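The values are calculated or read from the model by the stated rules, or taken from the named source; none is laboratory data. Since this is a predicted model, take the numbers as computed values, not measurements. Glycine gets a Cβ as well: all are built from the backbone with ideal geometry, and neighbour counts include every protein chain shown. The accessibility values were calculated without ligands, DNA or RNA, using every heavy atom of the protein model including side chains. Shrake-Rupley method; radii C 1.70, N 1.55, O 1.52, S 1.80 Å.
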Amino acid sequence: MPKIERLSHQLRYAPSTVREAILADIANLKPGQAAVLGRFFQHLQARQRRPDAPGVEPFRDAAASECTLMSLLRALDRYAPMVPLADGRKLRQEYYRVGRGAHIDRTPCRSAAPPSTAPAPWPAYWRKLWPGLAKARIEEKTKIRYLASISRCADLLPALDLPDDPAFLVPSYFLGIQLGTLLGDREIRPVTIANYLQGLVSLMRHGGGDPVALEGIRSAQQHYVRLARRVPKFKVTRIRSLMENGGFGYILQRVTDCQRDANALPRYSALRFRVLQAAAILVLMANKPARTGDVAHWRLGHELTRDANDVWSLRWTQMKTGHETGAGELWPETCQVLDRLLLQDKPARLAQLVYTQLRGKNWLTHHPSPPADTWPSMLVCEILGAPLHDLRTLSADYIRRYDPANAPGVIQSHLGHRSTRAGEEYRALAEGDAAAESWRSLRGTLEAIRRSKA
């Protein structure tokens with residue numbers, strides 16, 4: 001049978017536009033693509049599905065392996081642009097659901113209790129103190145963080161060549177120096193060293209350690225705290241860079257760039273979905289800057305809702321404070337970006353149907369389980385070169401510059417701080433700006449009076 005006749009037979013169930021596109025591009029047709037395309041449209045017709053709303057079943061019926069499914073997706077992307085590929089991409093993910101990906105459920109790692117016994121590499125005296133810290137009335141995640149910090153200090157003890165005695169902890173400055181010089185090529189900030197030593201402070205305090213050693217560690221830890229206050233924060237440079245690029249105007253431009261980049265990527269591409277996720281996070285942060293852990297856990301139909309009028313709303317309970325906050329109804333432009341992430345490449349008329357089908361699932365991954373708490377921040381950092389938390393600081397700077405007199409209260413409400421104390425740095429800056437503005441106004445008044453008397 002001649003090749004063209006064979007292709008026509010294989011594609012007898014395909015729309016005429018698809019057959020014509022393939023015959024016009026027959027030189028670039030890959031082996032097996034016509035056959036799998038023909039099976040896809042045959043199953044589509046048998047299930048009485050429309051090409052623009054196929055569902056996952058025709059993909060599964062036509063392709064019995066990941067390799068065949070990939071061939072089908074590439075063929076549909078090239079020759080059948082009317083067929084959405086979101087369901088096919090979802091099916092392909094099933095082949096890799098145990099591998100890497102933002103949708104992996106890491107909740108057990110976050111909620112795991114610390115071990116009852118200390119790691120073997122720790123000095124014997126430290127291991128003796130650990131049960132006291134493990135039973136202390138502090139949050140489990142804090143204990144796990146202390147465990148990691150103490151382990152890092154224990155790793156460096158052999159380089160110090162000090163005796164295995166609690167009193168040796170008095171010269172803890174040496175341990176701080178080691179932390180700053182032996183942790184690889186990257187620069188270790190004083191605040192990081194202070195955090196490592198804080199783990200030892202808590203171990204000695206809650207474990208009933210030697211009081212002299214405790215004071216020695218605490219003194220060293222406070223030394224690095226004071227040193228950290230004199231060192232400019234990396235965040236200051238990043239925020240300045242964001243402001244120089246245009247602030248939130250620049251961030252919204254990056255949203256537009258992400259949307260454009262998504263258009264240039266294959267519709268079955270995982271990278272395309274990742275770019276749409278980044279755009280959705282950025283545009284939501286322009287509405288209401290949230291903490292990365294909260295962003296990672298929002299669910300469709302719960303914290304993030306969509307009504308029949310295509311309007312999205314956001315309201316959630318903050319994990320850190322337990323307080324409820326939200327942005328209310330979101331901007332129309334934000335709703336459009338969220339619709340695109342929801343639909344991927346499905347027709348707009350299916351938006352509410354897809355939303356209903358995904359109700360209760362994670363808004364970013366469309367999986368029942370959330371991504372890692374830090375994942376949204378990592379994705380934002382790829383796009384902006386700054387973590388998600390910097391957008392909270394940037395938002396506070398906008399408020400402080402616009403209305404310094406009322407900024408402290410507005411910032412506390414907008415960022416969801418537990419108390420005014422949590423935003424002391426913002427409050428101090430705002431009060432300074434308000435005082436400067438008041439002095440400029442008073443100086444102008446005094447100058448006007450002076451001139452009137454002259």
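Quick notes on this one:
- Helices (runs of 4 or more DSSP H) (entirely within the range 270-357) containing at least 1 residues that are farther than 30 Å from A396 by Cβ: 270-287, 332-343, 351-357
- Matching residues in the range 220-236 - criterion: being modelled with pLDDT of 80 or more and under 23 Å from R392 (Cβ atoms): V225
- Every test in (1) open to solvent by 20 Å² or more (accessible area, probe 1.4 Å); (2) free of Cβ contacts under 8 Å to residues at least 60 places away in the same chain; (3) not acidic (D, E) is passed by R299 save one, and that test is (2).
- Candidates E66, E5: the one that is open to solvent by 10 Å² or more (accessible area, probe 1.4 Å) and more than 25 Å from V354 (Cα to Cα) is E5.
- In this entry, R349 is excluded by the filter for residues that are in contact (Cβ under 8 Å) with a residue 24 or more places away in the chain and either at positive phi or open to solvent by 30 Å² or more (accessible area, probe 1.4 Å) (or both).
- Helices (runs of 4 or more DSSP H) within the range 10-98 that include 2 or more residues within 32 Å of the chain's Cα centre (by Cα) and at pLDDT 90 or above: 57-62, 66-79, 86-93
One line per residue, one yes/no per condition, for (1) assigned to a helix (DSSP H, G or I); (2) under 30 Å from A53 (Cα atoms); (3) modelled with pLDDT under 90:
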site	(1), (2), (3)
R359	no, yes, no
A372	no, no, no
V380	yes, no, no
D390	yes, no, yes
L394	yes, no, yes
A405	no, no, yes
R418	no, no, yes
R421	yes, no, yes
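- Within the range 286-296, being over 21 Å from S369 (Cα atoms) and open to solvent by 10 Å² or more (accessible area, probe 1.4 Å) holds for A286, N287, K288.
- Residue within the range 99-122 that is open to solvent by 30 Å² or more (accessible area, probe 1.4 Å), modelled with pLDDT of 70 or more and not in a loop (DSSP other than H, G, I, E, B) present: no
- Complete set of residues in the range 22-60 that are within 17 Å of Q10 (Cβ to Cβ) and of a type in the set (D, E, K, R): D25, K30, R39
- Among residues of the range 321-351, those that are closer than 21 Å to N287 by Cβ and not hydrophobic (A, V, I, L, M, F, W, C), counted: 13
- The set of residues in the range 236-278 being charged (D, E, K, R) and within 18 Å of T292 (Cβ to Cβ) consists of R238, R254, R274.
- When the range 128-144 is filtered for residues that are in a helix (DSSP H, G or I), modelled with pLDDT of 90 or more and open to solvent by 60 Å² or more (accessible area, probe 1.4 Å), only K128 remains.
- Condition met for G328 (open to solvent by 30 Å² or more (accessible area, probe 1.4 Å), in contact with a Lys or Arg (Cβ under 8 Å, 6 or more places away or on another chain) and at positive phi): yes
- No other residue among V283, V311 is buried (at least 19 other Cβ atoms within 10 Å of the Cβ) and in contact with a Leu (Cβ under 8 Å, 6 or more places away or on another chain) apart from V283.
- Residue match in the range 377-389 (condition: of a type in the set (S, T, Y) and either surrounded by fewer than 20 Cβ atoms within 10 Å (Cβ to Cβ) or touching a Phe, Trp or Tyr at 6+ places or on another chain (Cβ under 9 Å) (or both)): no
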